[in-house]
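Working notes, beginning with the structure itself.
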Amino acid sequence: MTDLSKQPAIAVPDILALDTILPDEPLLMMGAGPVPIPDRVAKANSIVINHLGGTMTRVIEQVKSMSRYVFQTRSEWVMGVAGPGSAAMEMAICNLVIPESKVLSICNGFFSNRMAEMARRCGGQVIEVSIMGNVAARVDDIRSILEKERPAVLTLVQGETSNTVYNRYLKEITALAKEYGCLVIVDAICTLSTMPLEMDNWGIDAIISGGQKGLSSIPGVSLLAFSEQAWLHIQRREQAVVQWCLDAKLASNFWHHSGYHYTAPVSGILALHEALRLVCEETLPVRFARHQRCSMAMQNGIQAMGLSLFVAQESRLNSVVGISLPEGLTSAEICSHISRIYQVEIAGSFGQPIVRIGQMGEQCRVHNLFRALHALGSTMRDLGVAVDLPSGMAEMESLLQNAPVT
Ligand SMILES: *Cc1c(COP(=O)(O)O)cnc(C)c1O
């Protein structure tokens, strides 16, 4: 055995300064998140204030009221969590899923599968409905299962970022689940503030979001909302939530009573405040229209260049666009070339034969669209794919000139 006391002391490591690691010019973040953040958000993120006290209380009150607008809910039970979108996901699930209770998980891909996995870890009896073929889930896919299984909770995703499928029947599926008395949890991490989602009108019981996607804030602070009915369910549950940090009742000390739960990520909350304020300033209808126009311009530009989109129009997500890989290329080759040569970051995917270009928040700005499309086309050309770059750029321009976006 080694005598540990004889080991030499650990020496100071050789470390490079950050500016020698970071690129000279920031890369344009056009992948599936994080996305570029507005200057005001970046500035807010550089401030540290007391996590308790009058200033924080005022900030939190505003974050909650702006969130209620973005979620379209009058529910009191809006809160944030220190952590990625997945922490908000886990918080919704571990508070609403009671061990041994049935959970119906609609699985369109990687992220909706994650909800099923979390529900299992919370002791739920999970019934997975796998939707194959990169299409939206339909009401008929779940009617008989709801009837037979009578689950307590249903989970589904609005936009399945991994394969770029849009669950366009979310509203109808939620309505049906409510007929069976089921609580509905929606993952809107990628889609919140990029397309319509009406928590109260559609009867959703919990909505999950992250900071670094549609909201164009920083990663690491996330938002979620519980309906009044969901909150009652949380109040009544007998078993304590195992995850102490994610216990919604404890979190409510901070989010509703100006008290202490854990030290809140103050800078990130200030950043989120600014991101939400910019959404309120723009208003949701205008923001949705901007996303729709920009994504259509991107999609049509990509197709006019001669590349193909992965998902058929009917189930295609606008918030993240999936492009089929041209013959003989891998997503890693494309992503590394476009980053190295054109300073644009795009994303591969989790096992899907695609690369993805995000259309969330600040990504949907004209200058970012043109630069990203040009970089994509140039990359394909550099890598030997026959693309018609001028036609793609012209198509984008012609779609945008009739309805300008800034
Ligand atoms: C990005 C994303 C997640 C995961 O969010 P993290 O912040 O990485 O935890 C989950 N669901 C969807 C739909 C997403 O787009």
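Values for this structure:
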| quantity | calculated |
| --- | --- |
| Estimated distance in nm for a label pair at Ala42 and Asn201, the labels positioned 7 Å out from Cα along Cα-to-Cβ | 3.6 nm |
| Rounded to whole Hz, the Karplus (6.51, -1.76, 1.60) HN-Hα couplings of the stretch 116-122, x for glycine and proline | 4, 4, 5, 4, 4, 5, 7 |
| Student exercise, the stretch 232-289 dipole from Lys, Arg, Asp, Glu Cβ charges, in Debye to nearest 20 | 200 debye |
| Counted charge near Ala44, where neighbours are those whose Cβ lies closer than 12 Å (Asp, Glu -1; Lys, Arg +1) | +1 |
| Dipole magnitude (debye, nearest 20) for the stretch 341-401, charges at Cβ of Lys, Arg, Asp, Glu | 100 debye |
| Computed E for Glu76/Arg371 - FRET, C-beta separation, R0 35 angstrom, nearest 0.05 | 0.25 |
| Residue among Leu146, His256, Ser222 farthest towards the positive dipole end of the stretch 47-282, charges placed on Cβ | His256 |
| Where a label projected 7 Å from the Cα of Asn300 along Cα→Cβ would reach, residues of the stretch 319-341 with amide N under 13 Å | none |
| Span per principal axis, largest first, for the Cα atoms of the stretch 254-406 (Å) | 60, 36, 31 |
| Span per principal axis, largest first, for the Cα atoms of the stretch 47-282 (Å) | 52, 40, 27 |
| Shape parameters for the chain, alpha-carbon atoms, Rg then Dmax in Å | 22.3, 76 |
| Structure-based [θ]222 nm, the chain - -39500 (n - 2.57) summed over DSSP H runs of at least 4, per residue, nearest 500 | -13500 deg cm²/dmol |
| Estimated inter-spin distance, Ile49 and Gln313, nm [label 7 Å along Cα→Cβ] | 4.8 nm |
| Charge dipole (debye, nearest 20) of the stretch 47-282; +1 at Cβ of Lys and Arg, -1 at Cβ of Asp and Glu | 180 debye |
| Pairwise FRET efficiency - Leu27 versus Thr330, Cβ, R0 = 22 Å, nearest 0.05 | 0.65 |
| For the stretch 36-52, 3J(HN,Hα) per residue [Karplus equation, 6.51 cos²θ - 1.76 cosθ + 1.60, θ = phi - 60°, Hz, x = Gly/Pro] | x, 10, x, 3, 4, 5, 4, 5, 4, 5, 9, 9, 10, 10, 5, 6, 10 |
| Heavy-atom SASA rank of Thr379, Thr20 (probe 1.4 Å, accessible area, largest first) | Thr20, Thr379 |
| Most positive-pole-ward Cα, Gly53, Val320, Leu18, against dipole of the chain from beta carbon charges | Gly53 |
| FRET efficiency for Ser65 and Tyr262, using Cβ-Cβ distance with R0 set to 22 Å, rounded to 0.05 | 0.45 |
| Extended-chain gain in nm, criterion 0.36 nm per residue less alpha-carbon gap, Thr20 and Ala394 | 130.8 nm |
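The values are calculated or read from the model by the stated rules, or taken from the named source; none is laboratory data. Treat the numbers as computed from the prediction; the structure is a model and nothing was measured. Don't worry about glycine lacking a Cβ; one is built from the backbone with ideal geometry, like all the others, and counts go over all protein chains shown. The accessibility values were calculated without ligands, DNA or RNA, using every heavy atom of the protein model including side chains. Shrake-Rupley method; radii C 1.70, N 1.55, O 1.52, S 1.80 Å.
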